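The values are calculated or read from the model by the stated rules, or taken from the named source; none is laboratory data. Treat the numbers as computed from the prediction; the structure is a model and nothing was measured. Here the Cβ positions follow ideal geometry from the backbone for every residue, glycine too, while neighbour counts run over all protein chains shown. What goes into the accessible areas is simple: the full protein's heavy atoms, side chains included, and nothing from ligands, DNA or RNA. Shrake-Rupley method; radii C 1.70, N 1.55, O 1.52, S 1.80 Å.
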Amino acid sequence: MIESVKVRRQCMLDFYSHYEHLCALQGSVPLKAVKANLSRGALDLTVDRIKAADWTPLLNAIRHNKTLTSIGIRTFHQQGLEESGVERYKTYFRRRIPAIRSKDLTGQLCKAVKCCLSISDVLKNLELQGLLLRERDLILLTKGLATASSLESVSFAHCPIGDEGLETICQSVKNSANIRYVNFTGCSLTWRGAEHIANILKHQAMKRHGEAWAESLRYRRPDLDYMTGLRRVTFNCNVLVGDRGASAFADCLGEDLWLKALDLQQCGISNEGARSLLDALQTNTTLVVLDIRKNPLIDHVIMKSVIGKVLMNGSSANSEYKWLMSPSSKDVLKTRPKKRTIVLGSGRKGKATIRIGLPSKKSVSPGKKSMSVKDSYSPKPLPPGTKGFLPWRTAERAKRCSAVSVADFALTASPVLQSCIPVKVTVESASASETEDTEDLDVVIHYPDLAKSLDKINITKYQQLQVQLEQCMEKLKEEQSARVKAEERITELEMENARLRNLNISLSEVLHAQSVTNMILEDEGVLGSIESSFQKFHAFLDLLKDAGLGQLAVLAGIDQSDFGLLEHPQMNSTLSNP
């Protein structure tokens, strides 16, 4: 075997080894970001800073990959948007366009992903975010999705594919036996795209109804959870979906038994679309997540009714389908939050700082005056050497730290910081003479609003328990009504059974009597005696006729035809006439 082919086959079983081998052949350095998540079997890259030359070994490694379980390619580049304040004020600054924005490189990436989907038996998650996918790219991905044997989740978040691109992708998702989750967040979709997804759900529902009927034969109970098809559809940040798209989803949700989660945040839905979804929930008892938040045109009462109805369908807290906290399309491009250091005061020999790991915005409430340090601090001097004596510089710094009011923390800290997070204030001293009297002070400041926040938490828990109680009460009422109906049905069946039993007994008695009569009639002796009796009776009638008493027989209602015996001549009397 050729050595290069042998190496290629060996490297197909180890993605990073193959990638390093290809980089060595090209003479480039492997990217550190490639190896970051390989311990979990995942390739998760933000490709805005990857150069065109570094793409060649990476794409070849993806093309022959058989070991990765997840592939994520993300780009956050947006034309005309700025990253920092420096770029905001330097208008002459020209940003470099990432290499992934080129048509050729995007096409090569889609070809590599298609080949990987065709040969991999372990790839379960594919995520392409922010890529400019053209029609030919989507066709390549569609072919790969059609041949994928293990793919369960597909995400095209913030890829502006439009309704036509979604229709192309739906061709492979429609008949897929493995794909359970699709994400089309911020894909520039309208109500037509919602209709494409609704048609897929209807098609799969009809197919699974047939499978459920086949599995229900011979008194078996079909397991709906293990059937193939979509379980979650994410359609967030598509403002043009509107009420028409919500109505399309509502039409397919009314009789669907398999879809578990539908996310419709920021989809331009109003009260009309929310009501159609609420009507669909009257017959749908399997949907555990229907997220219509961040739609300002929906009234709070209707939204609360929809979410409450969904929560009543099942215990979504214990379900694998959680409520998403997805940011808006504008928040995706925000930079990573940085740590912030607040300097309370500084002196010649020391300083006191607060280091907070969350960003905060400083705001000053109107009508509140700031207090100077001198006004808030009036120390009583102690003679040196006495117990409790502190040098005035150290005392001043300690007083400055303790004089920071809770209101100032509430103003400088972000809302996230106010949720019961203690802040550690460290006062450091750089004076050698003062370290004999005082050491570094560690002060933990607790908010007086902690009780309020705990009350809020308790209220939230109480509301959750109340919702669970309502669910249990509703289930109890349903069980009681079902039990009453079952008891009534049992009574009806018992009465029907008694009636059928009596009818069976009467029919058996009639059949028994008929059988006895038939047995009697079938006896030859009985028939012979009956025949002889009739012959004697007819002979008696002939005697009456010969005796001239025929009129007597007529008066008795005996027909003249009865005087002659069948197949016997008429008998004549030997008596002479008087």
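So here's what we get for this one:
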item	result
Among (1) farther than 22 Å from THR46 by Cβ; (2) open to solvent by 40 Å² or more (accessible area, probe 1.4 Å); (3) among the small types (Gly, Ala, Ser), the one test that SER102 misses	(1)
Which numbered condition ARG244 misses (of (1) farther than 30 Å from CYS472 by Cα; (2) assigned to a helix (DSSP H, G or I); (3) modelled with pLDDT of 95 or more; (4) open to solvent by less than 60 Å² (accessible area, probe 1.4 Å))	(4)
Considering residues of segment 274-296 that are among the hydroxyl-bearing types (Ser, Thr, Tyr) and over 13 Å from SER247 (Cα atoms) only, the residue surrounded by the fewest Cβ atoms within 10 Å (Cβ to Cβ)	THR283
Hey, SER28 at pLDDT 80 or above, over 25 Å from LEU141 (Cα atoms) and either part of a loop (DSSP other than H, G, I, E, B) or more than 36 Å from the chain's Cα centre (by Cα) (or both) or not	yes
Within segment 161-199, considering residues that are of a type in the set (Ser, Thr, Tyr) and part of a strand (DSSP E or B), the one nearest to LEU141 (Cα to Cα)	TYR181
Unique residue being more than 16 Å from ALA112 (Cα to Cα) and at pLDDT below 90 when the list is LEU38, LEU13	LEU13
Strands (runs of 3 or more DSSP E) (entirely within segment 255-347) containing at least 3 residues that are aliphatic (A, V, I, L, M) and modelled with pLDDT of 85 or more	none
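Matching residues to (1) more than 30 Å from GLY308 (Cα to Cα); (2) among the polar types (S, T, N, Q):
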{"residue": "THR460", "(1), (2)": "no, yes"}
{"residue": "GLN480", "(1), (2)": "no, yes"}
{"residue": "GLU496", "(1), (2)": "yes, no"}
{"residue": "SER506", "(1), (2)": "yes, yes"}
{"residue": "SER529", "(1), (2)": "yes, yes"}
{"residue": "HIS538", "(1), (2)": "yes, no"}
{"residue": "LEU541", "(1), (2)": "yes, no"}
